Amino acid sequence: MAMSNGGETGGKRPGFGVFDDWGKIRHHHVVPMDLPVSRISCQEIWNKLSESQKHFIHHFSRASWSGSRICSSQISEESPSVLRLLLLLFSSTGILDLKRSCHKAGVTPGEWDSLTAYAACFMTNTGNYLAFGDMKFVPGIPEHQLDNIVRVCPLKGDKKKKLLDLWDKTRKRIYSLSPGVRRLGMPPKGVSAYYSKNMNLLEVQLISDWMIEFDEEPRNTRVWKRSDPSQHGDLPEYEVRIASTRCLPTKTYRYKNKCVIHLVYGDHQEDLRDVVMHLKNAIPYTDTDDQREMINCFIDYLETGSIESHKRSQILWVQQEEPFIEVNIGFVETYRDPQGSRAEFEGYVAVVNQTVSKQFRPLRERAEYFLSLLPWPKEFHAEKIQCPTFSCFEIFTFVSSIIPAGVNLPNYEDVRMAYGSRNICFLDVLYSKDHSFQTTFLYEDDAQAVQKMGREESVVQVAFHELLGHGSGKLFRRNRDGGFNFPYGKVSHPLTGDPVSTWYEPGETWNSVFGDISSAFEECRAECVGLFFSAHPEAMEAVGYTGQEAEDLMYINWLMMVRAGFLATETYSEDTGFWAQAHAQARFAVLRTLLAASKLDAERYSGKDLERERDFIQIHCDRRKVVRIKMNRNKIKTVGVPAVQTLLIKLQVYRSTADVAKGREFFSVLTTPPKYLLELKRIISANRRPRPMFVQAHTRITKNKEGESRVMLEEFDATSVGIIESSLARFKEWISDC
């Protein structure tokens, strides 16, 4: 998955820093009042759709948004209740009327703005932890003033009682910044709603071992340790909770006399019932038999928890031939699970942009050739590229804690191996980036170049990242029949020269073996592939750029990756050695690699007499604490590309051979920031602009005079209040049931 870097601007801004100084902890967890908001506008495309297409989009969007409440349940224990609290509070009357009542009660305009900023941030992140960085955020409004607002809220009767109960239940957790709750992670150093609080890493690994041995997929599960006295002697008991609407009979297993594991169905049951209801409503408006079957597979998967049904849906999804309306749903990405195995709920609806997609058709058609150019030995390439695709879509609905710039799906490795994958770019996300804000730490000429060509650079990097990055490489496996999917004993290890001696055993997956580093490791590999091909003239020509324009795009792409790696330092904790975001850790690994290559290149010349402008990369901090990044574009192909090639070989070899021990050691050293970069963290935080939030459209069904149903599109202002209003519109029925 590709993530946009977000925009930054100069000047000090309160909130969302990552300083480790306790005296400033609260200041840097407070939601800033001026969070940028971008609107995903759909009106132009909407006007071109048939009524049947509008109905399909409406029902699938409603299914996706019903599942967003599951995302809250997967983030923190308090998030579902905080969501209800905020929705009830703002639904009490018109938002402007509530604002006037609050001002009369002594709430200042700044405090009101702090509340709306917190609510909008919560609703777009689907919980009280940032999707990019996994850091907890808290309201800027003082607790006593939020208490005041709750009490002057004009709700009556049972709803007012419900609001007060929710407030009493959550108020301390909303504001708490005790050390164990500041970030997502395994207790006691972090918070995770995928595991009960009384579990530790060894217990999580024990459950993972069992799931691998019994071929159980963890993506749609959570794990809870039972605290009641065991009926199985002294053995601990665990519940592997499977997301489903049906409470199927519990299955119990005794594992190696170490524990007892119960497979319990019905997790997220109530929310999934709403998801399934809306999916069933979408079926009459499907375009093809395959699309109808895909929706039915989604339904069976969510009703029964059947991974096989979801895999079948993903096979149908991969085999679609350039669909006009793009949909998918399920438990997909594992970024927020501290162990990298369990997935967050996700659902989306998008419409193809045929013009931009056509631009990338030559890249797709020549994908197999370009993949053969990657620097690892031929044995480490996939035997066959199954129908590679890359399409550009514009989002109608994207439900998850974060909206990515692109995706490469499915994530089931057996489906990918047999049927391939599809690569999708979401233009709304890329085009929403204000590149005028992405110029901190750059010299003026580079800043102007980014403003001029930043949009094109983003789309090109996502195309290479998704299609040729995530879509590349092979995993060596031992099959259940004892055979291997590679010439056992005949493949030389590129880093040692010895025969390959490690591989994935039956039931093991990339995520299960590499665990908490799997996402960052893989994102680093995909980012490097993007850099590699942006420096390749044939690949650039395949996406429509030649000559000086291609050279300029290559330079901006490499420069922005170095800058992203530098900014990533902010998400690293010196106290714990923990990276709060996989993409940030990946980009920092690229930066370290290129800095090392630059240093080595400089040492080849005249040593101390070397002129500074000859260096490949410079990060310079002057006496005024002004930092500037400079790249020598003439050395990208002579210094940068060889360094990236070497990094790619190591990443792919460790990945292919399931060598998690050496891979983890290598990646850990590479992504441990040196002192001189850590010293610049404060400067980064002081100049960093928060990532933009997105306000999405809402659809609703009305009846005309003839009694025919019509779907209406409603869009909202690109403000915090607009985000709140959109949530109130789409959760209106759910709020009424509170």
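Return yes when E293 is among the charged types (D, E, K, R) and modelled with pLDDT under 95 and no when it is not.
no
Evaluate the following for R222: is it of a type in the set (D, E, K, R), in contact with an Asp or Glu (Cβ under 8 Å, 6 or more places away or on another chain) and in contact (Cβ under 8 Å) with a residue 40 or more places away in the chain?
Yes.
If only one of Q652, Q645 is in a helix (DSSP H, G or I), crowded, with 21+ Cβ neighbours inside 10 Å and either polar (S, T, N, Q) or modelled with pLDDT under 95 (or both), which one is it?
Criteria check complete, one pass: Q652.
Criterion first (over 18 Å from S341 (Cα atoms), in contact with a Gly (Cβ under 7 Å, 6 or more places away or on another chain), surrounded by 15 or more Cβ atoms within 10 Å (Cβ to Cβ) and outside the structural domain of V513 (by TED's automatic domain parsing)) does Y265 satisfy it?
On the way: over 18 Å from S341 (Cα atoms): yes; in contact with a Gly (Cβ under 7 Å, 6 or more places away or on another chain): yes; surrounded by 15 or more Cβ atoms within 10 Å (Cβ to Cβ): yes; outside the structural domain of V513 (by TED's automatic domain parsing): yes.
Judged against the criteria, Y265 is a match.
Find the residue count for segment 439-454, including only residues that are part of a helix (DSSP H, G or I) and either crowded, with 16+ Cβ neighbours inside 10 Å or not basic (K, R) (or both).
The first filter runs over segment 439-454 and keeps only residues part of a helix (DSSP H, G or I), leaving 444-454.
Next, only the ones that are either crowded, with 16+ Cβ neighbours inside 10 Å or not basic (K, R) (or both) stay: 444-451, 453-454.
Count: 10.
Picking from Y265, Y301, which residue would you name as being in a strand (DSSP E or B), aromatic (F, W, Y) and in contact with a Ser or Thr (Cβ under 6 Å, 6 or more places away or on another chain)?
Y265
Going through segment 170-203 one residue at a time, which ones are in a helix (DSSP H, G or I) and in contact with a strand residue (DSSP E or B) (Cβ under 6 Å, 6 or more places away or on another chain)?
As a first pass, look at segment 170-203 and keep what is in a helix (DSSP H, G or I): 170-175, 179-181, 201-203.
Residues satisfying the conditions are Y175, V181.
Return yes when T245 is at pLDDT 95 or above and either under 17 Å from R219 (Cα atoms) or surrounded by 20 or more Cβ atoms within 10 Å (Cβ to Cβ) (or both) and no when it is not.
Against the criterion (at pLDDT 95 or above and either under 17 Å from R219 (Cα atoms) or surrounded by 20 or more Cβ atoms within 10 Å (Cβ to Cβ) (or both)), T245 qualifies.
Pick from F132, F137: which is in contact with a Leu (Cβ under 9 Å, 6 or more places away or on another chain), in contact (Cβ under 8 Å) with a residue 60 or more places away in the chain, under 27 Å from E570 (Cβ atoms) and crowded, with 20+ Cβ neighbours inside 10 Å?
Unique residue meeting the criteria: F137.
Okay, residues lined up against (1) of a type in the set (A, V, I, L, M); (2) within 22 Å of V513 (Cβ to Cβ); (3) buried (at least 17 other Cβ atoms within 10 Å of the Cβ); (4) without any contact (Cβ under 8 Å) to a residue 60 or more places away in the chain:
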| residue | (1), (2), (3), (4) |
| --- | --- |
| E303 | no, no, yes, yes |
| S309 | no, no, yes, yes |
| E321 | no, no, no, yes |
| A343 | yes, yes, yes, no |
| R364 | no, no, yes, no |
| W376 | no, yes, yes, no |
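Quick check, is P218 loosely packed, with under 13 Cβ neighbours inside 10 Å and assigned to a loop (DSSP other than H, G, I, E, B)?
Taking the combined requirement at face value, the residue does not satisfy it.
Within segment 495-502, is even one residue in contact (Cβ under 8 Å) with a residue 40 or more places away in the chain and either surrounded by 20 or more Cβ atoms within 10 Å (Cβ to Cβ) or under 25 Å from the mean Cα position of the chain (by Cα) (or both)?
yes
Which numbered condition in (1) touching a strand residue (DSSP E or B) at 6+ places or on another chain (Cβ under 7 Å); (2) crowded, with 19+ Cβ neighbours inside 10 Å; (3) outside any loop (DSSP other than H, G, I, E, B) is the only one that S38 fails?
In the conditions (1) touching a strand residue (DSSP E or B) at 6+ places or on another chain (Cβ under 7 Å); (2) crowded, with 19+ Cβ neighbours inside 10 Å; (3) outside any loop (DSSP other than H, G, I, E, B), S38 misses (2) alone.
Answer yes if at least one residue in segment 171-180 is surrounded by 21 or more Cβ atoms within 10 Å (Cβ to Cβ), among the polar types (S, T, N, Q) and under 21 Å from N125 (Cα atoms), and no otherwise.
For segment 171-180, residues surrounded by 21 or more Cβ atoms within 10 Å (Cβ to Cβ), among the polar types (S, T, N, Q) and under 21 Å from N125 (Cα atoms): absent.
Can you tell me which residue in segment 41-60 is surrounded by the most Cβ atoms within 10 Å (Cβ to Cβ), limited to those that are assigned to a helix (DSSP H, G or I) and of a type in the set (D, E, K, R)?
Filtering segment 41-60 for residues that are assigned to a helix (DSSP H, G or I) and of a type in the set (D, E, K, R), the one surrounded by the most Cβ atoms within 10 Å (Cβ to Cβ) comes out as K54.
Identify all residues within segment 465-514 that are of a type in the set (S, T, Y) and in a loop (DSSP other than H, G, I, E, B); write none if there are none.
S472, Y488, T496, S501, T502, T509
The values are calculated or read from the model by the stated rules, or taken from the named source; none is laboratory data. Please read all numbers here as calculations on a predicted model, not as lab measurements. Every residue, glycine as well, gets a Cβ built from its backbone with ideal geometry; the counts of neighbours run over all protein chains shown.
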